[in-house]
Amino acid sequence: MLSFLRSFLASMLALIVFSIVAILIIGVFISGIFSSKRPEIDAKAVIVLDLNQSFHEQMQTNALADLGSEDQYDKPGVYDVVRILHYAKRDSSVKGIYIKCINNANGFATSEEIRNALIDFRQSGKFIYAYGDIISQKAYYVANVADKIYCNPKGGVDWKGFAIEEMFLKGTLQKLEIEPQIFYAGKFKSATEPLREEKMTDANRLQLSELLGQFYNMLLYKTAAARDIDTATLRHCVNDHSIQYANDALKYRLVDGLKYDDEVKDKIKSKLGIDRSKNINFVSLAKYAAAVNYKQNGNNRIALIYAQGDIIDGKGDQDLIGSDSYRSLIRNARLDKDIKAVVIRINSGGGSSLASENLWREIAITRKEKPVILSFGDVAASGGYYLSCNADSIFAQPNTITGSIGVFSVLVNMQQFLKNKLGVTFDVVKTAPDADELSSTKPLTEMQKKYFQNSVDSIYLDFKTRVANGRGKSVEYIDSIAQGRVWIGEEALKLGLVDRLGGLQDAIDCAARMAKVSDYRLKEYPEPKSFLEALLGSYKNSTSIKAIKDELGEDGYKTFTATKRLKSFIGIPQTRLPFDFSIE
């Protein structure tokens, strides 16, 4: 009887839980249906651009929407933002843009795309106001195109130059008696330095110093042009630490006034000609995107494939470029007779060399049948450049990070750590001398080390050869600019690694010209997931990430993700950037 009651109660509990989940899913589904009607954009609308929002390359479906709030809408991608601002430029209901510019969660090339779209919007004669309590440098890079920039009287503008700080684990690994067994080709290939060095090598310091200097100069020159300030003055302000307080930012004309949030809102109300007691019709980018049809329509089709994240073997997911998945996307675009050209937007620091080779191959086949144009985002380097190098034309922003033509491979010997720290030992039976060569419980033999280095050198030669053939250069020339070195878009253009400087729209325009079509619409890939897939995926990702962040904190979560990425490429030859590349 007791056993029966236990089974009965367990079944009842399972039924109750299932019913609750089913009701929630059905409720969200029905709400999604009823909320699918386009929202209304009333008169005197002001679009809000929050730079603290990280814009992915492709629109993010918001399945767990908070209905009745601004969070109920899908989050626009970078190209969506550009098209939205272009549409708003001609929309009479939109009177201006309000930029929230405390921080900027986006990379330099993404910021460039958005900044150029704002410059284009200003040609309409509509206003752009920007405000932040303390405005970061990356946020200021975008916000300095505004008609008026304001900061909090007790805040200011962060004006100190850029820095890259790298963490090195060699000493930690030595204390733990963990031996990283590293093989690489390219003296600038710095991805493994944190495991094998205690500080930056001279080659890495050189490339990072030049990279930072170029980003810094862009900030100074574009600020000088936008604010009509001499670059020498801006440089002195950094070197002399002249911008310490809000009054300093006003004195040196980095901002137009010192105001609190409510005072800035009053300025906007005055600009709109509405009473101070009324609310401003602020409209988020996401809501505006849901309200208007900002996408181009036409009879012909151009495929636009978004590829963002690490390049891996297999299927991948939303933030991983899986070779199997993306080969299918490119192949389907090639076989579709209605698609006249293919544009691939790549934002990746690379990954698996074999996956990059497979995607290179698919692009090579597609090029024989229709134009293939590559557009580079914040980063298109190492494996991200590998798969792109034989396109008909390559577009990059001046501040895109690209190049990094090099290869590395890492295996870990944990024998001494396991034995001396944990008391764990291993033994093995095998049918051939090298059957256990990928084992982490023993060191490699000299012959095995030679094998792995030969493999890396062979992949590096293939990489250089692919680039040389794709770019119409000699292997010797490519080797001279390769060696794992990173370049910004401006330098890559001079070196012949890219063909044009420009954004995604420029790449699409080029594809249309090459395909000889003017009346076209875009077919965007990967295609949106079904409602249920998006719902379950959003729930799984949001809950798991939140749980880890709550437990480890923000810094701990970054360490966790870096460790997870490191684990994923142990023993697999990699064409990728350093696993942590952050500019402050």
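Listing for the model above:
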quantity	calculated
Only one of ALA105, ALA139, ALA109 that is buried (at least 24 other Cβ atoms within 10 Å of the Cβ), of a type outside the set (Val, Ile, Thr), farther than 21 Å from ASP248 by Cβ and touching a residue at least 12 places away in the same chain (Cβ under 8 Å)	ALA109
Given (1) crowded, with 19+ Cβ neighbours inside 10 Å; (2) farther than 30 Å from MET414 by Cα, index of the condition ALA191 fails	(2)
Conditions (1) without any contact (Cβ under 8 Å) to a residue 24 or more places away in the chain; (2) of a type outside the set (Gly, Ala, Ser); (3) surrounded by 14 or more Cβ atoms within 10 Å (Cβ to Cβ); (4) under 25 Å from VAL379 (Cα atoms): number failed by GLU527	(3)
Residue list for region 163-213, restricted to those being assigned to a helix (DSSP H, G or I), within 30 Å of CYS237 (Cα to Cα), touching a helix residue (DSSP H, G or I) at 6+ places or on another chain (Cβ under 7 Å) and in contact (Cβ under 8 Å) with a residue 60 or more places away in the chain	none
In region 243-256, the residues that are farther than 20 Å from ASP50 by Cα and buried (at least 18 other Cβ atoms within 10 Å of the Cβ)	ILE243, ALA246, ALA249, LEU250, TYR252
Of all residues making up region 335-356, the number that are buried (at least 20 other Cβ atoms within 10 Å of the Cβ) and touching an Asp or Glu at 6+ places or on another chain (Cβ under 8 Å)	8
Among (1) of a type in the set (A, V, I, L, M); (2) in a helix (DSSP H, G or I); (3) under 18 Å from TYR141 (Cα atoms) - the single one LEU254 does not satisfy	(2)
Unique residue being in a helix (DSSP H, G or I), without any contact (Cβ under 8 Å) to a residue 60 or more places away in the chain and surrounded by 16 or more Cβ atoms within 10 Å (Cβ to Cβ) when the list is ALA468, ALA511	ALA468
Condition broken by SER325, with the remaining ones in (1) in contact (Cβ under 8 Å) with a residue 24 or more places away in the chain; (2) outside any helix (DSSP H, G or I) satisfied	(2)
All positions within region 257-314 that are part of a loop (DSSP other than H, G, I, E, B), of a type outside the set (A, V, I, L, M, F, W, C) and buried (at least 17 other Cβ atoms within 10 Å of the Cβ)	LYS259, TYR294, GLY309
Residues (without any contact (Cβ under 8 Å) to a residue 60 or more places away in the chain and either assigned to a loop (DSSP other than H, G, I, E, B) or within 32 Å of the chain's Cα centre (by Cα) (or both)) located in region 224-233	ALA224, ALA225, ASP228, ILE229, ASP230, THR231
Any hit, region 245-253, residues being within 31 Å of the chain's Cα centre (by Cα) and in the same structural domain as LEU118 (by TED's automatic domain parsing)	yes
Residue match in region 387-405 (condition: modelled with pLDDT under 95, surrounded by fewer than 20 Cβ atoms within 10 Å (Cβ to Cβ) and acidic (Asp, Glu))	no
Single unsatisfied condition, HIS86 versus (1) within 24 Å of the chain's Cα centre (by Cα); (2) surrounded by fewer than 22 Cβ atoms within 10 Å (Cβ to Cβ); (3) closer than 20 Å to MET218 by Cβ	(3)
Count of region 472-494 residues which are part of a helix (DSSP H, G or I) and more than 25 Å from the chain's Cα centre (by Cα)	6
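Condition check ((1) under 20 Å from ASN347 (Cβ atoms); (2) not in a helix (DSSP H, G or I)) across all residues:
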residue	(1), (2)
ARG83	yes, no
SER92	no, yes
GLY96	no, yes
ASN104	yes, yes
ALA109	yes, no
ILE119	no, no
SER124	no, yes
LYS138	yes, no
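The values are calculated or read from the model by the stated rules, or taken from the named source; none is laboratory data. What you see is a predicted model, and the numbers here were worked out from it, not measured in a lab. Glycine also receives a Cβ, built like all others from the backbone with ideal geometry; neighbour counts cover every protein chain displayed.
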